[in-house]
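Report on one structure; see the data block that follows.
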Amino acid sequence: MKILSASQVRELDAYTIQNEPVSSLDLMERAARAFVCWLCARYDNRKRIVIFCGKGNNGGDGLAIGRLLSGKGYPVSVHVVHYTQKATDDFQANLDQLGDFLAIHDIRHVEDIPNLPAGDLLIDALLGSGLSRPASGLLEKVIGALNDSPAEVISVDIASGLYMDKVNDTTDAVVKPNHTVSFQLPKLAFMMPHNGPFVGNWHVVDIGLSQTRIDQTETPYYFTDAPAARHLIRAREKFSHKGTFGHALLLAGSYGKMGAAQLSGGACLRAGVGLLTVHVARCGYTIMQIALPEAMVSVDIHEQLITTLPELAPYTAIGVGPGLGKEPQTLKALDELIEQAKVPMVWDADALNLLSENPDLLKRLPAGTLITPHPKEFERLAGKSNDDYERLELARRFAQEHSLVVCLKGAHTAVIFPNGSVHFNATGNAGMATGGSGDVLTGILTSLLAQKYPPEDAARLGVYQHGVAGDRASRARSKVSMIASDIVENLGW
Ligand SMILES: NC(=O)C1=CN([C@@H]2O[C@H](COP(=O)(O)OP(=O)(O)OC[C@H]3O[C@@H](n4cnc5c(N)ncnc54)[C@H](OP(=O)(O)O)[C@@H]3O)[C@@H](O)[C@H]2O)[C@@H](O)CC1
Ligand SMILES: Nc1ncnc2c1ncn2[C@@H]1O[C@H](COP(=O)(O)OP(=O)(O)O)[C@@H](O)[C@H]1O
Ligand SMILES: [K+]
């Protein structure tokens, strides 16, 4: 799925109106119907609905939603906020229709804002994708009232006051909804960690905007959802054998951090690799043999650290980083790895921290290498950024400059290709914010590279499947109780 900018969505809207053809008023009606369909599936018609409308098309949607819900027997009250004289034609047309069978409450002063008790369901249709400046005055007061209310809030298309594709000031008035129901496509703003409170749980509803036009519209931003991920999965042929699925090498695990090697190795096996060898510090030999009987173990000459490489010839991909430590002897082994490796690689965790401290190594990292930094590791690699949008741009430049596939980890992990395109991930949950989750991802990615998935596909599919396993684990164990090994256990293709 693509993610488009505010101006591209406006253009798409206009294209659909002209080419389907459909009137803008009918398109608004479709949007309202899609929203109502979403709402009716979740709330029955005993729920009291309070709708707040601005005077643009987002407000027009709100009015149409009010009419449709009222028709379905929901007790609805509609409030129009008169922050401006100006109203759009489609807003006015819906206002005229609605006035025939529902009383409309005007909010012209702060005193007109109603009480909003906990049992109500508040619909935020104040401002949508047309936001051009921070909400102020009366709008700011209404947004404040929505945010202060204990009632549940659902935003139409996007939370009022939130920019679709650029950063808000921390002082901007923005609605904090429980849910956002977005029309046709997700928005870039939904992917940004800082926007969490201003998005809530988000959902996309289809309003039939032109697919042809969406296909033609160029964007660097994509969303890897279930159909996109399914498309990447390769079938396992009947006559395949373990040689078909590659031999992965993981360089992971030093004294006190052997669990990282175990998690990474377990995930690598469960992601379908033919053979796995884990190279660990000597102290990890027995641990690994017992923990992962399916894996072969190669031991370092050093008791506690990884300081050397095994013969690399047998391997079809290499993953390095989990539980590695940052000792100078380990750095030397990484230097040799860059010199000798002829197969695709994944670099993670301390391997990335060593790269940050040794920019010369970073320059020599082979093109197409996959790196999996969390935001702090990325900051060490590429420097500080002031906000999420800036960080994303920095990561795009970084991927392009160094010809790397960057998996910038987070709630919507951004997989960034060397050409600068960004693929946000759909799956995963906050239960995965637990030590070792990243080690699991490294194992999955190494496994897919070993199976000869191109690095870009390996990254998108691996990140997606990691999240799916995390979601299964959270259903089985809850977000609080799940641990990284539950993610390994729940991997499934
Ligand atoms: N695209 C689609 O697919 C479809 C979209 N639809 C719906 O339309 C919505 C977009 O509608 P919209 O363009 O009329 O803008 P909206 O957000 O209602 O704002 C209204 C006007 O307010 C103004 N304004 C801006 N910021 C302001 C501020 N801080 N304080 C005060 N005023 C401010 C600004 O006008 P300005 O003053 O800048 O000239 C702006 O034009 C979209 O989110 C979706 O809900 C569906 O109906 C059909 C399919
Ligand atoms: N709130 C969240 N929602 C979805 N995924 C998350 C969330 N928090 C963490 N994750 C995922 O869990 C993994 C954590 O990786 P990382 O921070 O490297 O952990 P560790 O170093 O403990 O292994 C990443 O893949 C990240 O995308
Ligand atoms: K809104």
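Of all the residues that make up region 56-78, how many are crowded, with 22+ Cβ neighbours inside 10 Å and under 13 Å from residue 107 (Cβ atoms)?
3
So residue 72 ticks every box in (1) within 34 Å of the chain's Cα centre (by Cα); (2) more than 16 Å from ligand 3 (Cβ to nearest atom) but one. Which box is left unticked?
Single failed check for residue 72: (1).
Taking residue 457, is it within 27 Å of residue 204 (Cα to Cα) and among the acidic types (Asp, Glu)?
Yes; evaluated as a whole, the condition is true for this residue.
Answer yes or no: is there a residue in region 249-259 that is farther than 29 Å from residue 338 by Cα and surrounded by fewer than 24 Cβ atoms within 10 Å (Cβ to Cβ). Spell out how you get there, then give the answer.
Our first condition is that a residue be farther than 29 Å from residue 338 by Cα; within region 249-259, this holds for none.
Checked region 249-259: no residue is farther than 29 Å from residue 338 by Cα and surrounded by fewer than 24 Cβ atoms within 10 Å (Cβ to Cβ).
Does residue 357 satisfy the condition of being modelled with pLDDT of 95 or more and over 30 Å from the mean Cα position of the chain (by Cα)?
Against the criterion (modelled with pLDDT of 95 or more and over 30 Å from the mean Cα position of the chain (by Cα)), residue 357 does not qualify.
How many of the residues making up region 448-493 are under 20 Å from the mean Cα position of the chain (by Cα), assigned to a helix (DSSP H, G or I) and not acidic (Asp, Glu)?
20
Can you spot a residue in region 99-120 that is within 25 Å of residue 9 (Cα to Cα) and either within 15 Å of ligand 1 (Cβ to nearest atom) or out of contact with any His (no Cβ under 6 Å at 6 or more places or on another chain) (or both)?
From region 99-120, those within 25 Å of residue 9 (Cα to Cα) are none; that's our starting set.
Taking every residue of region 99-120 in turn, none turns out to be within 25 Å of residue 9 (Cα to Cα) and either within 15 Å of ligand 1 (Cβ to nearest atom) or out of contact with any His (no Cβ under 6 Å at 6 or more places or on another chain) (or both).
Mind checking whether some residue in region 454-476 is of a type in the set (A, V, I, L, M), under 20 Å from residue 377 (Cα atoms), at pLDDT 95 or above and in contact with a Cys (Cβ under 8 Å, 6 or more places away or on another chain)?
Yes: region 454-476 contains one or more residues that are of a type in the set (A, V, I, L, M), under 20 Å from residue 377 (Cα atoms), at pLDDT 95 or above and in contact with a Cys (Cβ under 8 Å, 6 or more places away or on another chain).
Return a yes/no flag: does region 45-62 have any residue that is without any contact (Cβ under 8 Å) to a residue 60 or more places away in the chain, aliphatic (A, V, I, L, M) and away from ligand 2 (no atom under 16 Å from the Cβ).
no
Filter region 336-345 for residues that are exposed (fewer than 15 other Cβ atoms within 10 Å of the Cβ) and either within 13 Å of residue 251 (Cα to Cα) or not assigned by TED's automatic domain parsing to the domain that holds residue 456 (or both) and give the result. Let's see the steps before the verdict.
Step one: filter region 336-345 for residues exposed (fewer than 15 other Cβ atoms within 10 Å of the Cβ), giving 336, 339-340, 342.
The answer is 336, and nothing else.
Could you identify the single residue in 281, 295, 313, 333 that is touching a Phe, Trp or Tyr at 6+ places or on another chain (Cβ under 9 Å) and either modelled with pLDDT under 95 or not aromatic (Phe, Trp, Tyr) (or both)?
Result of the check over 281, 295, 313, 333: 281.
Residue under question is residue 181, and the condition is that it be at pLDDT 95 or above and closer than 23 Å to residue 119 by Cα; does it hold?
In short, yes.
Just to check your reading of the model, which residue among 223, 239 is part of a strand (DSSP E or B) and of a type outside the set (Ser, Thr, Tyr)?
223 is the lone residue from the list that is part of a strand (DSSP E or B) and of a type outside the set (Ser, Thr, Tyr).
Go over the candidates 81, 36, 76 one by one and state the one that is of a type in the set (Val, Ile, Thr), closer than 17 Å to residue 125 by Cβ and out of contact with any strand residue (DSSP E or B) (no Cβ under 8 Å at 6 or more places or on another chain).
Working: 81 fails: out of contact with any strand residue (DSSP E or B) (no Cβ under 8 Å at 6 or more places or on another chain); 76 fails: out of contact with any strand residue (DSSP E or B) (no Cβ under 8 Å at 6 or more places or on another chain).
Within the list 81, 36, 76, the selection yields 36.
Please find, among 408, 392, 461, the residue that is in contact (Cβ under 8 Å) with a residue 24 or more places away in the chain and over 30 Å from residue 170 (Cβ atoms).
Exactly one of 408, 392, 461 is in contact (Cβ under 8 Å) with a residue 24 or more places away in the chain and over 30 Å from residue 170 (Cβ atoms), namely 461.
The values are calculated or read from the model by the stated rules, or taken from the named source; none is laboratory data. Quantities reported herein were computed from a predicted structural model and do not represent experimental measurements. Neighbour counts are summed over all protein chains in view; Cβ atoms, including those assigned to glycine, are modelled from backbone coordinates with ideal geometry.
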